[in-house]
Amino acid sequence: MEGEQKMSVMTLVQAINNALDIKLAEDKTVVVYGEDAGVEGGVFRVTEGLQQKHGVERVFDSPLAESAIVGTAIGMALSGLRPVVELQFDGFTYPGFNQIVSHVARMNNRSRGLFKAPLVIRFPYGGGINALEHHSESPEALYAHIPGLKVVIPSTPHDAKGLMIAAIESDDPIIFMEPKRIYRAIKQEVNDGKFTIPIGKAKVLTEGTDVTVVAFGAMIRECQKALVMAKEAGISVELIDLRTIYPIDKETIVNSVKKTGKIVIVAEAPTSFSVGAELMAIVNEEAFLHLEAPPKRVMGFDTIVPLAKGEHFYMITPDRIFYEIERTVNF
Amino acid sequence: MIFNDFDPKEDKTFRLIDNEGVVLNQALMPDLDDETVIKAYKAMLFARVADEMAVSFQRQGRMYTYPPNMGQEAISVAAGAIMRTDDWLVPVFRELGAWLAKGVTLKEIFLYYMGNEEGSNYKNAHHMLPWSIPIASQLLHAVGIGYTIKYLKKDEVAFAYVGDGGTSEGDFSEALNFAGVWQVPVVFTIQNNQYAISVPVRSQTKSINLAIKAYGFGIPGIKVDGNDFFAMYVAYKEAFDYARAGNGPVLIEALTYRKGAHTTSDDPTKYRNKTEEEEWAKADPLIRMKKYMDQKGIWKENEEKLIEAYKLEVDKQFEEAENFTPYQLDDVFQHMYVEMPDDLKRQKTEYEQFLTWKENRK
Ligand SMILES: Cc1ncc(C[n+]2csc(CCOP(=O)(O)OP(=O)(O)O)c2C)c(N)n1
Ligand SMILES: [Mg+2]
């Protein structure tokens, strides 16, 4: 990042909006669309003001059909544009799943590199907002499991901006999942200028020696609260923000676990067959002889995310994270 | 058959009373006794009162996101007047009149919007599917139900709903196509309330109307004034008789207007103007029906008193929902499977151990 840049306080919503604004301004091939994404600026206002600024040809409302949104974006990407499409919620990405799995992820390989699909599919994900059914899901493992996709999840406004710009500039298709629970909950000074954050790189947020905690998205904030409890208990935690789910940054994780000998993984999605499962596999494969305690997942139950009245049982809380940190450290 | 006389290709709209409640076509008016008309109006009024109160409960923080029905009451109340106990209702979430007619209680509806799945565990409603939030997906379920009805030779009809926005989803076309091929007894209703959240119907399709889409699937379609109870009643009656007699599915586009916000999280001032709202307010289904009844001199109730009584009833049911058995950890797990996998039991036990630890820390 260049030194003397102006900074502004931004929420995650504003930071993504700012990233889109910058790319729309500098690259005429960028187009932005989705349900309610134009006039209204999206149900979460992530694209607010962009149509007014960049025109209705470049930022617009689509009819209500996720398969069509993704499918047309592929066509645009194959023919010279860089679409950034919004799917309205995690639970409504599935009508577009066929296009994502069958085409987005495969174009490059299918055509031996003749066709690329430089598109970004962004959607809000995650629970903790007392929402109706299908509005609280964390399907990162579904997308990360598909060869050909890259999956990005920011946890701060700064990262969201840098990763979004990198995602738009990437020639690979990117699934960009936005932690809706902290859309407006975190405010941060963000560089007003253009900058990117590399896709595929995790970040060590806090260095520590007793245990490695790996998380991403809205769970970072919960982990940071748990770290306060851990500190009081005299436990030194190394906190890693994954930032990209795939390609996963094995090196950062493995180096940390080699140092601490212990790992606790925190995520909202159901535990089984998850990113947590992948991380456990990685530490077993790459740091087995360094492990001093069984790797632990603090993740959602293998259930549907309960509606509001039951959601507190499901959502991962700081005390639950601390509980597992302590158990792992005292193993 | 009105389906033949009001051809969507000519963009005709079937309407029986105007905004002043004046009958436009006496010959086609349904043969309903005064009592039935009054009952329908009361059902619309009750739905309106319940809806307005639901919005205020949400504002008070006693309930979560709620999608109001205001302005669309005539459509589902007309369906409710025709559906029998064994007929199926395959809803979205904006058909309150039909839900109540089916026997779903406000208590159950409130319970759901308070965030308890138990609200979908209907105690009295028969052949009633739960809320379906993924737009248009439920239409296919109605077609499958239609197949069962036909296969088992049941005397039943399925009533399926979708919004104007929902007609853009692939599932909408797939459902109409299957229904046509299979010739199943399904009455599809598109509640065209002019918007899909912020997106107006003109941005949804270039089609001159939505009813005309029926042509592409070889089934009858009609555009009806959805704020006219009588027109909706007649259209439903004809569609119901047609489907029940084994002639196959029917598509009804009910023209209406969403008076309220999309849900309590939405702000319509962002995307529509007052003039338009005021124009549609003149076509309010309750006002029109009331004017009709006044002209016939059949409305003798004290409406204020009636509304007071309805409010008490709504309040009572809301309180019952509020006092419902508190959500237990078990409720998260117990209905995931008919036979619960061992690993789920283990996850629950582990969580209970955490709760014990938490309790002891205090
Ligand atoms: C598959 C899917 N995509 C997106 C949404 C989010 N969403 C909820 S309601 C709605 C608009 C629906 O409009 P319409 O079909 O006209 O029904 P209305 O709300 O007007 O009754 C949208 C986009 C959803 N529920 N399901
Ligand atoms: Mg609509």
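The values are calculated or read from the model by the stated rules, or taken from the named source; none is laboratory data. Everything numeric in this text was worked out from a predicted model, so none of it was measured. Neighbour counts are summed over all protein chains in view; Cβ atoms, including those assigned to glycine, are modelled from backbone coordinates with ideal geometry. For the accessible areas, the whole protein counts, side chains as well, though only heavy atoms, and no ligand, DNA or RNA atoms are used. Shrake-Rupley method; radii C 1.70, N 1.55, O 1.52, S 1.80 Å.
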Debye, to nearest 20: dipole size of segment B:239-332, +1 on Lys, Arg Cβ, -1 on Asp, Glu Cβ: 680
Selection from A:Ala281, A:His312, A:Val254, by position along the positive dipole direction of segment A:203-329 (Cβ): A:His312
Point-charge dipole on Cβ atoms (K/R +1, D/E -1) for the protein assembly as shown, about Cα centre, debye to 20: 900
Carbon/sulfur fraction of accessible area - the protein assembly as shown, other protein chains in place, 1.4 Å, %: 51
Per-q log10 I(q)/I(0), the protein assembly as shown, q = 0.10, 0.12 Å⁻¹ (Debye; single scatterer per alpha-carbon; no solvent): -1.02, -1.33
In degrees, nearest ten, helix B:34-59 long axis to first principal axis of chain B (Cα): 40
Projected label distance in nm at B:Glu174 and B:Ile287, using a 7 Å step from Cα toward the beta-carbon: 4.2
Degrees, to the nearest 10: B:229-244 long Cα axis against longest axis of chain B: 80
Positive-end residue of B:Thr256, B:Ala158, B:Leu16, charge dipole of chain B with Cβ unit charges: B:Thr256
Net dipole in debye of segment B:2-322 [+1 Lys, Arg Cβ; -1 Asp, Glu Cβ; about Cα centre; nearest 20]: 340
Protein-protein interface of segment B:158-190, residues with accessible area decrease of at least 50 Å², isolated chain reference, 1.4 Å probe: B:Glu169
Accessible surface, per residue, of segment A:203-329 when the full set of protein chains is kept, probe 1.4 Å, Å²: 37
Of A:Tyr125, A:Tyr143, A:Tyr94, the one that fluctuates the most in a GNM where chain A has Cα springs shorter than 10 Å: A:Tyr94
Separation of the B:Asn19 and B:Ser265 label points, Cα + 7 Å toward Cβ, nm: 3.4
37 °C / 0.692 mPa s Stokes-Einstein diffusion coefficient of segment A:203-329, Kirkwood radius on C-alpha pairs, µm²/s: 228
Qualifying trypsin sites (Lys or Arg not before Pro) in segment A:1-62, DSSP loop, other Cβ atoms within 10 Å at most 13: A:Lys6, A:Lys28
Under the Karplus curve 6.51 cos²θ - 1.76 cosθ + 1.60, θ = phi - 60°, whole-Hz ³J(HN,Hα) for segment B:326-339, x wherever Gly or Pro sits: x, 4, 10, 4, 3, 5, 5, 9, 5, 9, 5, 9, 5, 10
For A:Val213, residues with placed amide H under 5 Å, excluding near neighbours: A:Glu238, A:Leu239, A:Ile240, A:Val264
Built amide H within the under 5 Å cut-off of A:Ala269, gap 5+: A:Gly300
Of A:Val85, A:Val283, A:Val120, the one that fluctuates the most in a GNM where chain A has Cα springs shorter than 10 Å: A:Val283
Built amide H within the under 5 Å cut-off of A:Arg82, gap 5+: A:Val30, A:Val31
Phi-based couplings in Hz for segment B:143-157 (Karplus 6.51, -1.76, 1.60; Gly and Pro marked x): 5, x, 4, x, 5, 4, 4, 5, 5, 8, 6, 8, 8, 9, 10
Fluctuation leader among B:Gln194, B:Gln58, B:Gln26 - chain B, Gaussian network, Cα springs under 10 angstrom: B:Gln26
Alpha carbon Rg of segment B:1-156, scaled by the compact-globule rule 2.2 N^0.38 Å: 1.17
Kirkwood-based Rg to Rh ratio, segment B:172-219, C-alpha trace: 1.01
10 Å binning of all Cα-Cα separations within segment B:80-185, expressed as whole percents from 0 upward: 15, 44, 34, 7, 0
Occluded residues from segment A:296-312, i.e. those whose accessible area drops by 50 Å² or more once the chain is not alone (1.4 Å probe): A:Phe301, A:Asp302, A:Thr303, A:Leu307, A:Lys309
³J(HN,Hα) computed for each position of segment B:123-130 - Karplus, 6.51 cos²θ - 1.76 cosθ + 1.60, integer Hz, glycine/proline x: 8, 10, 6, 10, 6, 10, 7, x
FRET efficiency for B:Tyr337 and B:Lys300, using Cβ-Cβ distance with R0 set to 45 Å, rounded to 0.05: 0.25
Mean-position separation - Cα centroids, segment B:162-189 and segment A:203-269, in angstrom: 49
Reachable aspartates and glutamates from A:Lys116, criterion Cα separation under 17 angstrom, eight or more residues apart if same chain: A:Glu169, A:Asp171, A:Asp172
Those aspartates and glutamates that a straight Cα-Cα span of less than 15 Å connects to B:Lys223, excepting residues fewer than 8 apart in one chain: B:Asp5, B:Asp7, B:Glu10, B:Asp11, B:Asp164, B:Glu238, B:Glu253
Cα-based reach from B:Lys39 at 19 Å (exclusive), listing lysines while leaving out same-chain residues under 8 positions away: B:Lys102, B:Lys237, B:Lys290, B:Lys291, B:Lys296, B:Lys300, B:Lys305, B:Lys311
Degrees, to the nearest 10: A:157-169 long Cα axis against longest axis of chain A: 50
Rg/Rh (Cα only; Kirkwood hydrodynamic radius) as it applies to segment B:2-322: 0.94
Interface B:A - total buried accessible surface [probe 1.4 Å, Å², rounded to 100]: 3500
Cα coordinate range in chain A, projected on the principal axes (Å, largest first): 59, 44, 43
Whole-angstrom gap from segment A:16-52 to segment B:50-95, using each part's C-alpha centre: 34
Of B:Phe217, B:Tyr351, B:Val92, farthest towards positive along the dipole that unit charges on Lys, Arg, Asp, Glu beta carbons give the protein assembly as shown: B:Tyr351
Residue-averaged 222 nm ellipticity for chain A, from DSSP H runs of 4+ at -39500 (n - 2.57), nearest 500: -10000 deg cm²/dmol
Lysine pairs meeting the criterion (Cα under 26 Å, 8 or more apart or interchain), as found in segment A:203-329: 24
